[in-house]
Amino acid sequence: MANDATYQNYYVPADSKLPIFASLGLFLTVFGMGNMFNEMTAGADTTFGTMVLLLGGVVLATTLFVWFSKVIEESHAKLYSDQMNRSYVWGMSWFIFSEVMFFAAFFGALFYVRAFVVPWLAGEGNRGPSDMLWPNYVAEWPMLNTPDPTLFPGAHTAMGWWGLPLINTILLVTSSVTVTIAHHGLNEGNRKKLITWLGLTVALGIVFLGCQVLEYYHAYTDLGLTLNAGIYGTTFFMLTGFHGAHVTLGTFMLLVMLIRAIKGHFKADDCFGFEAAAWYWHFVDVVWLGLFLFVYILGS
Amino acid sequence: MSAIIEEHHHDDHHHGPAKGLMRWVFTTNHKDIGTLYLWFSFMMFLLGGTFALVIRAELFQPGLQLVAPEFFNQMTTMHGLIMVFGAVMPAFVGLANWLIPMMIGAPDMALPRMNNYSFWILPFAFTMLASTLLMEGGGPNFGWTFYAPLSTTYAPPSVTYFIFAVHLMGISSIMGSINVVVTILNLRAPGMTLMQMPLFVWTWLITAYLLIAVMPVLAGVVTMMLMDIHFGTSFFNAAGGGDPVLFQHVFWFFGHPEVYIMILPAFGIVSAIIPTFARKRLFGYASMVYATSSIAFLSFIVWGHHMFTVGMPLAGELYFMYATMLIAVPTGVKVFNWIATMWQGSMTFETPMLFAIAFVVLFTIGGLSGLMLSIAPADFQYQDTYFVVAHFHYVLVPGSIFSIMAAVYYWLPKWTGHMYDEKLGKTHFWLSFIGVNVTFFPQHFIGLAGMPRRIPDYALQFADYNMISSVGAFLFGFSQLLFLVIVIKCIKTGKQATAQVWEGAHGLEWTVPSPAPYHTFSTPDEVNLKEAHG
Ligand code: HEM
Ligand SMILES: [Cu+2]
């Protein structure tokens, strides 16, 4: 609840050129990407789309960089009251909630496919059309033989959970611990501890991503597990892929926080940026645990 | 200009808006941004309306007269998409921007720059979406619900731009909703508890929560389409072990909450207007809050009622049928409360009140047809007929759209400082009221008689009602130009409005002068909490 003391300091930023450039950048990015995908699928030249995409990416990234720098500057200039900081905290929490729902859609798809679609395709409950189309299809998960292997050649081996995936789990769980230790360092005013453990967290994130690249390479070359390998490959790559994209973003956020920590930013009671990145990191970690359980352990 | 209290080289809150066109591009002011949203929404309303009139012109007579079936499909698709995402949703966001800070005594929205960003994404998104009509292969032609595989395997290439346009709208909505939630949770005037907030604020809090929960799911489903189209995945292709019905599940998990996103703020508006013109306090404030919350909760678990005919297992059919019927309970509570508020009130019938009462009556008709549709075995007959079209147009046009118009008439004097022309306002109301009913009531009958939706031609026995429907549509459509005239006239001239504007009005927004100053409630002591809710 707001109270008089904090309310007084409310800061409404002046007019800003940032959002319109951010909109333009975002638009060019998606327009370029759309054009690129369309030309790619049509087998045509993708140069134009790619150039627009790159241009948009540069505009967007530059704008966001200036934007965030400005917020940090304003915060250092003590323009923000506690109440305003609470706005950022709420904002970040709700953003993470929206991300949870995004993953929920893909997890939901996986559960629906496994619980209903695959058995129905194999004729359970006499569901008509699918029995007629592929009368010999036999249910299995991971789905290595697809109903129509000419269109979707299935993988010949499923991805196990032992090995790289397990290592990745250990890496991410450890990194959640290290980022917490870094936070303790910050609270104790121990900058060296903050920087060391935060640096370690970033390193763990990067190693995780490296392992994932290896894993994908292994999947494509050794297992025949591809995006095109039917619903098993589809759900495998989309879930782990979007998770990997989020790890990339999270690692980048932590890296920025590391640089800021080295530059002397953050105090125990003034570290929203750091905390936001840390929450995001924990969120990414929890999603991974879900993946490890449902995609790897129960999926192979 | 800014309301910085501590930074002295900037001006304080008495400062007015910047000059020139760039004011609108760079602004961080919630009132400016609200105005932008509202005008944008009105432009989209006219564009989507034009598409609707193309549809109704073709359906005026049986047979193919004006447009090719392929183009007809693009019209139904774009009409739905533009009205849902371009007209109704941005209008409510515009109202939220204008009103929420004033109703809770906040100086502005919590994240003003992001507020500007949320708005300015939309013109880009809709330009991209509308431009698909000019692309090779035509625009999206698979209906606003874009069922796979129509929207994947058999879609025109422009579907890719459609997908990215949806992504942009989603980003805009999520940022806008986060702003609303944070503003309400964090910026209420000192002493204002949640249960003192006006219902419009309550309904928007819950709407924003729904948006944050389901827009990412929409983003998920279009991403699955994108991957199926361009990268060889098989989410919606049974040959690879996927399922087209999976599309419908994910889509409607978004889609049903989405229809409540388009009606909950309307409930809030009507709950503000009826007490004012009945000169009584709202009957059952707390029950309104609980009813809204239960509707929001239920909206997550009833999506299957759109899929009764896809071949769900019997248990699923029964579950979705009963769960859907449950929604009628909190909805009934609301209708009861509005009527109880009017009961023995000393009512007057200015334009906002006329729209609000029409809302209560006609929305209820839409709710009752919804109840008919929720009966699974009956829906086997109704599904994909004009009966469904009649149902959702009754809840959306005299429902959502009437509430938006009521809101504009109600708060316009506060925004512009002038009274609108009451006689013209009433004329607009009656033309719209007659137009809507003439358009959509006959669609119940042709639907029950079996006329399918989304078809450019039809059997002869449906001819009379279709002709009536088309006449009504043109009447309704052209009446909206009168609305435009009234609004412009009110901005330019009109009787000077007082601060309270309406004799029976309660709420913080009526304690500030009309037109509302560029910055309101920059300090908390300006707030008189006794006036908080209506
Ligand atoms: C009492 C509450 C309601 C009930 C029981 C209800 C029930 C239903 C059912 C069962 C359908 C599916 C019909 C079919 O496709 O066969 C449907 C469709 C629809 N409803 Fe409702 N509804 C209610 C309120 C609303 C409200 C408040 C809105 C929006 C403001 C709304 C918007 C829609 C839309 C847009 C569709 C059609 C979607 C499409 O297929 O294009 N409904 N409703
Ligand atoms: Cu529904």
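The values are calculated or read from the model by the stated rules, or taken from the named source; none is laboratory data. These numbers were taken from a predicted model, which means no experiment stands behind them. Don't worry about glycine lacking a Cβ; one is built from the backbone with ideal geometry, like all the others, and counts go over all protein chains shown.
In table form, for the structure just shown:
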read-out: Qualifying residue in region A:109-117 (condition: part of a helix (DSSP H, G or I), crowded, with 18+ Cβ neighbours inside 10 Å and among the small types (Gly, Ala, Ser)); value: yes
read-out: Qualifying residue in region A:169-189 (condition: under 30 Å from A:MET253 (Cα atoms), among the small types (Gly, Ala, Ser) and more than 29 Å from the chain's Cα centre (by Cα)); value: yes
read-out: Given (1) over 21 Å from B:PHE359 (Cα atoms); (2) out of contact with any Lys or Arg (no Cβ under 9 Å at 6 or more places or on another chain); (3) buried (at least 18 other Cβ atoms within 10 Å of the Cβ), index of the condition B:LYS489 fails; value: (3)
read-out: Region A:153-194 - residue that is in a helix (DSSP H, G or I) and among the polar types (S, T, N, Q) and, of those, nearest to A:GLN212 (Cα to Cα); value: A:ASN168
read-out: Residue in region B:272-319 that is farthest from the other protein chains (Cβ to nearest Cβ), counting only those that are of a type in the set (Val, Ile, Thr) and either in a loop (DSSP other than H, G, I, E, B) or within 16 Å of ligand 2 (Cβ to nearest atom) (or both); value: B:ILE295
read-out: Matching option when the condition is surrounded by fewer than 17 Cβ atoms within 10 Å (Cβ to Cβ), outside any strand (DSSP E or B) and either in the same structural domain as A:GLN212 (by TED's automatic domain parsing) or under 12 Å from the mean Cα position of the chain (by Cα) (or both), among A:GLY233, A:GLY241; value: A:GLY241
read-out: Single condition A:TYR80 does not satisfy, out of (1) more than 21 Å from A:ALA277 (Cβ to Cβ); (2) assigned to a loop (DSSP other than H, G, I, E, B); value: (1)
read-out: Failed item in (1) surrounded by fewer than 19 Cβ atoms within 10 Å (Cβ to Cβ); (2) in contact (Cβ under 8 Å) with a residue 12 or more places away in the chain; (3) in a helix (DSSP H, G or I), with B:GLY332 passing the rest; value: (2)
read-out: Single condition A:GLY199 does not satisfy, out of (1) modelled with pLDDT of 95 or more; (2) closer than 21 Å to A:PHE292 by Cα; (3) of a type in the set (Gly, Ala, Ser); value: (2)
read-out: Matching option when the condition is buried (at least 22 other Cβ atoms within 10 Å of the Cβ), more than 11 Å from chain A (Cβ to nearest Cβ) and of a type in the set (Val, Ile, Thr), among B:THR152, B:THR132, B:THR145; value: B:THR152
read-out: Helices (runs of 4 or more DSSP H) wholly inside region B:1-108 that include at least 2 residues being under 23 Å from B:PRO513 (Cα atoms) and either at pLDDT 95 or above or aliphatic (A, V, I, L, M) (or both); value: B:30-58, B:89-104
read-out: Criterion (more than 12 Å from ligand 1 (Cβ to nearest atom), closer than 19 Å to B:SER271 by Cβ and part of a helix (DSSP H, G or I)) met by exactly one of B:VAL361, B:VAL395, B:VAL438; value: B:VAL361
read-out: Condition check for A:SER75: within 25 Å of B:LEU185 (Cα to Cα) and more than 9 Å from every other protein chain (Cβ to nearest Cβ); value: yes
read-out: Enumeration of residues in region B:249-271 that are more than 12 Å from ligand 2 (Cβ to nearest atom) and farther than 20 Å from B:ILE357 by Cα; value: B:HIS249, B:VAL250
read-out: Residue within region A:16-28 that is more than 7 Å from chain B (Cβ to nearest Cβ), crowded, with 19+ Cβ neighbours inside 10 Å, assigned to a helix (DSSP H, G or I) and among the aliphatic types (A, V, I, L, M) present; value: yes
read-out: Of the criteria (1) under 30 Å from B:ASP457 (Cβ atoms); (2) more than 16 Å from ligand 2 (Cβ to nearest atom); (3) touching a Leu at 6+ places or on another chain (Cβ under 9 Å), which one B:PHE380 fails; value: (3)
read-out: Only listed residue being facing another protein chain (nearest Cβ under 9 Å), crowded, with 24+ Cβ neighbours inside 10 Å and in contact (Cβ under 8 Å) with a residue 40 or more places away in the chain, chosen from B:THR207, B:THR183; value: B:THR183
read-out: Candidates B:HIS305, B:HIS256 - the one that is more than 13 Å from B:THR331 (Cα to Cα) and free of Cβ contacts under 8 Å to residues at least 60 places away in the same chain; value: B:HIS256
read-out: Residues of region B:411-427 satisfying the condition of being of a type outside the set (S, T, N, Q) and farther than 17 Å from B:LEU482 by Cα; value: B:TRP411, B:PRO413, B:LYS414, B:TRP415, B:GLY417, B:HIS418
read-out: Output for region A:143-167, where each listed residue is under 18 Å from A:THR221 (Cβ atoms), surrounded by 17 or more Cβ atoms within 10 Å (Cβ to Cβ) and not aliphatic (A, V, I, L, M); value: A:PRO153, A:GLY154, A:PRO165
read-out: B:GLY370 being over 17 Å from the mean Cα position of the chain (by Cα), within 16 Å of ligand 2 (Cβ to nearest atom) and surrounded by 19 or more Cβ atoms within 10 Å (Cβ to Cβ); value: yes
read-out: Tally of residues being more than 9 Å from chain A (Cβ to nearest Cβ), assigned to a helix (DSSP H, G or I) and farther than 19 Å from A:GLY34 by Cα across region B:212-248; value: 3
read-out: Residue match in region A:32-48 (condition: more than 9 Å from chain B (Cβ to nearest Cβ), over 20 Å from B:THR160 (Cβ atoms) and without any contact (Cβ under 8 Å) to a residue 60 or more places away in the chain); value: no
read-out: Test for B:TYR161: is it over 24 Å from B:ILE263 (Cα atoms) and either touching a residue at least 40 places away in the same chain (Cβ under 8 Å) or of a type outside the set (A, V, I, L, M, F, W, C) (or both); value: yes
read-out: Residues of region B:186-195 satisfying the condition of being within 12 Å of chain A (Cβ to nearest Cβ) and either in contact (Cβ under 8 Å) with a residue 24 or more places away in the chain or hydroxyl-bearing (Ser, Thr, Tyr) (or both); value: B:ASN186, B:LEU187, B:ARG188, B:ALA189, B:PRO190, B:GLY191, B:MET192, B:THR193
read-out: Search result, residues across region A:87-108 that are out of contact with any Leu (no Cβ under 6 Å at 6 or more places or on another chain) and in contact (Cβ under 8 Å) with a residue 24 or more places away in the chain; value: A:TYR88, A:VAL89, A:MET92, A:SER93, A:ILE96, A:GLU99, A:VAL100, A:PHE102, A:PHE103, A:PHE107
read-out: Residue that is within 25 Å of B:VAL221 (Cα to Cα) and more than 7 Å from every other protein chain (Cβ to nearest Cβ), where the choices are A:PRO135, A:PRO153; value: A:PRO153
read-out: From the options A:ARG114, A:ARG86, A:ARG127, residue that is under 18 Å from A:GLY273 (Cα atoms) and more than 20 Å from the chain's Cα centre (by Cα); value: A:ARG86
